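First comes the structure, then the notes that go with it.
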Amino acid sequence: MSDTVTRPSQEMLEAMIAAEVGDDVLGTDPTVASLEQRVARMFDKEAAVFCPSGTMTNQIAIKCHTHALDEMICDIDSHVYRYETAGFAYNSGISVALIHGNYGKITAEQIKQKIQPTHDWLPHSSLVVLENTCNKGGGGYYTLSEIEPIKNLCQQEGLALHLDGARLFNALEETKESPAEIGALFDSISICMSKGLGAPVGSLLLGKKEFIRKARRFRKVLGGGMRQAGYLAAACHYALDNNVKRLSIDHERAKLMADALKNLPFITSINPVYTNIIIFHLEQHILASSFIEVLKEKGILASPFGPHSVRFVTHLDITESQFNHVIEVLNGPFPH
Ligand SMILES: *Cc1c(COP(=O)(O)O)cnc(C)c1O
């Protein structure tokens, strides 16, 4: 299970077909423009740029905030470090200072210790990246009061602060904080529409006008300028209209799933469940890869998260009966 496997519903497809489109490379696609304005306004940022993926929005942000020979600071399990094919080094020519956070969350104190003194032989610390929710950390989220000291430190030290908010709406669903409040704490924010919100494609990068103007140039050089992208933006509009509030269902189910997993003899522990991600650990003699193979034969998709660790993610395409099927299978005779 991953929340990236969702397919557009009939209603979403209809919204896509009905979209008014232009050529977004020429800046004349009204549906892309209205999506960018809508999300920028929601998070109280000046502007936004629509991109094909969250990897691209993160990579563009890193590129805009840094120069070659700089260093970014992030958690060791963060997406920008682990899952973007070392793009920070390839695209931006920078180094990375890694923090062993608490399930993916890092603190101002930890960041402070990673800021390099100024010497010719050291990289220049210029960027901090937070992830909210933390994917590898099991979907944990930051509250505003946890981010504020980090924002203050970055301001004092002249570091940019970027948020990888691939699942930011999942975090906001739990904290009940407003998008504008979180927007005020970051120089840039990346948000995925193709995770729990269920759009087929699309991420947005938000920031100041000048930052986004620069971001558009890097989007182009990365090959991310899309022509009639309004069809995709229409799906994102639909997702924002219909699929934000229902995230609470995914969170509820994740907690129910964790409760069901607790009683299984072959599971040694389950990470705390905060949003829509469940990470659990199998007994040493069971390989995650073979466990996942068995689940797959029964129509259940999961991801390996280490040699004996597995990730489940709840999402909007899972029906009540499919959810119950997962619990039944796990409780049934299981070869292990
Ligand atoms: C999914 C994800 C991204 C972006 O992934 P794409 O597949 O490139 O859209 C970025 N950060 C996190 C934390 C993610 O989970």
Quiz item: Can you list the lysines whose alpha carbon is less than 27 Å from that of Lys245, not counting same-chain residues fewer than 8 positions off?
Solution: Lys45, Lys105, Lys136, Lys176, Lys195, Lys255
Quiz prompt | Neighbour-count order for Ser95, Ser190, fewest beta carbons within 10 angstrom listed first | solution = Ser95, Ser190
Quiz item: In terms of modelled amide H atoms, which long-range or inter-chain residues lie less than 5 Å from the amide H of His124?
Solution: Asp70, Glu71
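Rounded to a whole number, what is D in µm²/s for the range 247-331 from Stokes-Einstein with the Kirkwood radius over alpha-carbon pairs (25 °C, 0.890 mPa s)?
Rounded, D is 191 µm²/s.
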Quiz prompt | FRET E, pair Arg217, Thr4, Förster distance 25 Å, beta-carbon r, rounded to 0.05 | solution = 0.35
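Over the range 60-123, what number does the Rg to Rh ratio reach, with both radii from the alpha-carbon atoms and Rh per Kirkwood?
Details: Rg = 11.8 Å, Rh = 12.3 Å.
Using only Cα positions, Rg/Rh for the range 60-123 is 0.96.
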Exercise. Report ³J(HN,Hα) in whole Hz for each residue of the range 88-94, in order, from the Karplus equation J = 6.51 cos²θ - 1.76 cosθ + 1.60 where θ = phi - 60°; Gly and Pro get x.
Key: 4, 6, 6, 7, 10, x, 10
Exercise. Any chance you could run the full-extension gain for His285 through Lys176? It's 0.36 nm times the residue separation minus the Cα-Cα distance, nm to one decimal.
Key: 35.1 nm
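Which trypsin sites (Lys or Arg not before Pro) in the range 206-292 sit in a loop by DSSP (not H, G, I, E or B) and have at most 10 other Cβ atoms within 10 Å of their own Cβ?
Working: sites: Lys208, Lys209, Arg213, Lys214, Arg216, Arg217, Arg219, Lys220, Arg227, Lys245, Arg246, Arg253, Lys255, Lys262; in loops: Lys208, Arg227, Lys245, Arg246.
Loop-located and lightly packed - Lys245.
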Quiz item: Tell me, what HN-Hα J-couplings in whole Hz come from the Karplus equation 6.51 cos²θ - 1.76 cosθ + 1.60 at θ = phi - 60° for each residue of the range 184-201, using x for Gly and Pro?
Solution: 5, 8, 10, 6, 8, 9, 10, 10, 9, 8, 9, 9, x, 7, x, 6, x, 8
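With a Förster radius of 51 Å, plug the Cβ-Cβ distance of Thr268 and His119 into 1/(1 + (r/R0)^6) and report the FRET value to the nearest 0.05.
On the way: r = 46 Å, r/R0 = 0.90.
Calculated transfer efficiency: 0.65.
Of all beta bridges DSSP finds with both residues in the range 3-242, what is the antiparallel percent, to the nearest 5? Kindly include the intermediate steps, with their values, before the conclusion.
Details: 12 of 30 bridges.
The antiparallel proportion sits near 40 percent.
For the chain, what mean projected area does the convex hull of the alpha carbons give, in nm²? Kindly include the intermediate steps, with their values, before the conclusion.
Details: hull surface 69.1 nm².
So the Cα hull casts an average projection of 17.3 nm².
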Quiz item: Out of residues 5 or more away from Asp23 or on other chains, whose amide H comes under 5 Å of its own, with H placed 1.01 Å from N in the peptide plane?
Solution: Thr28, Asp29
Quiz item: So, in Å, what gap is there between the alpha-carbon centers of the range 1-44 and the range 199-242?
Solution: 8
Quiz prompt | Sum of side-chain charges, Arg213 neighbourhood, beta-carbon under 13 Å (Lys, Arg +1; Asp, Glu -1) | solution = +4
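For Thr319 and Lys255 in the same chain, what is the full-extension length gain: residue separation times 0.36 nm, less their Cα-Cα distance, in nm? Please report the intermediate quantities before stating the final value.
Working: separation 64, 0.36 × 64 = 23.04 nm, distance 1.59 nm.
Length gained, Thr319 through Lys255: 21.4 nm.
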Quiz item: Under 11 Å from the 7 Å Cα→Cβ point of His67, by amide nitrogen: which residues of the range 146-162?
Solution: none
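Dipole magnitude of the chain about its Cα centre, charges +1 at Lys/Arg Cβ and -1 at Asp/Glu Cβ only, in debye to the nearest 20?
Working: 31 positive and 38 negative charges, 92 e Å.
For this selection, approximately 440 debye.
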Quiz item: What list of ³J(HN,Hα) couplings, whole Hz, do you get for the range 208-218 from phi and the Karplus terms 6.51, -1.76, 1.60, once you set θ to phi - 60° and write x for glycine and proline?
Solution: 6, 3, 5, 4, 5, 4, 5, 4, 5, 5, 5
Quiz item: Between Glu11 and His100, what FRET efficiency follows from the Cβ-Cβ distance if R0 is 41 Å, with the result rounded to 0.05?
Solution: 0.40
Quiz prompt | Amide proton proximity set for Ala97, modelled H, under 5 Å, gap of 5+ | solution = Met72, Ile73, Cys74
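Bear in mind that the values in this text are calculations on the coordinates, not laboratory data. Just so we're clear, the structure is a prediction, and the values are computed from it rather than from any experiment. Note that each Cβ is placed from the backbone with ideal geometry, even for glycine, and that neighbours are counted across all protein chains shown.
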